[in-house]
Amino acid sequence: MSKKNPAAEGDERSTQDAALATRLDRLKGRLAEARADHDQRRMEREQQTVSMSGSAMAFGLRLSSAFVGSVLVGAAIGWAIDHFLPTSPWGLIVFVLIGFVAGLVNLIKAASVKRDGR
């Protein structure tokens, strides 16, 4: 049996420890870079989400106001026809329905354009 020299064993261990410490330092550096990159991407996504939610809200308000406007215009035209012709209440009923259908058609067109134009 051979006995190992404790001094040589200590030198070998210190070089292994130094190599391990060097690898650990490199790993810590790479980890810090990855975390910084991840944080930067997360901040960009959050900013993009905020801007997208604002534009989505504006788009929703535009669609709803167009729909309500078309129903109101239909009602105004129907009321005017009923006022000047003896068709009351049929002019109002028919033109409110026409305004409702026109509003739905506009909503479908605008929504399909928005979805295709992402």
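Any read-out appearing in this document is the output of simple, stated calculations on the displayed coordinates, not a laboratory observation. Computed from a prediction, not measured in an experiment: that's the story for all the values here. Methodologically, a virtual Cβ is constructed for each residue, glycine included, from the backbone with ideal geometry; neighbour enumeration extends over all protein chains shown.
Below, the figures for the structure above:
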read-out	value
Stretch gain in nm, segment S65-S88, where the contour uses 0.36 nm per residue and the Cα spacing is subtracted	5.5 nm
Positive-end residue, region 6-116 charge dipole about Cα centroid, Cβ charges, pick of I77, S64, L97	I77
Cα centre as origin, Lys/Arg/Asp/Glu Cβ charges: region 6-116 dipole, Debye	440 debye
Integer Hz, Karplus 6.51/-1.76/1.60 couplings in order for region 72-84, x for Gly and Pro	5, 5, x, 5, 5, 5, x, 4, 5, 5, 5, 5, 9
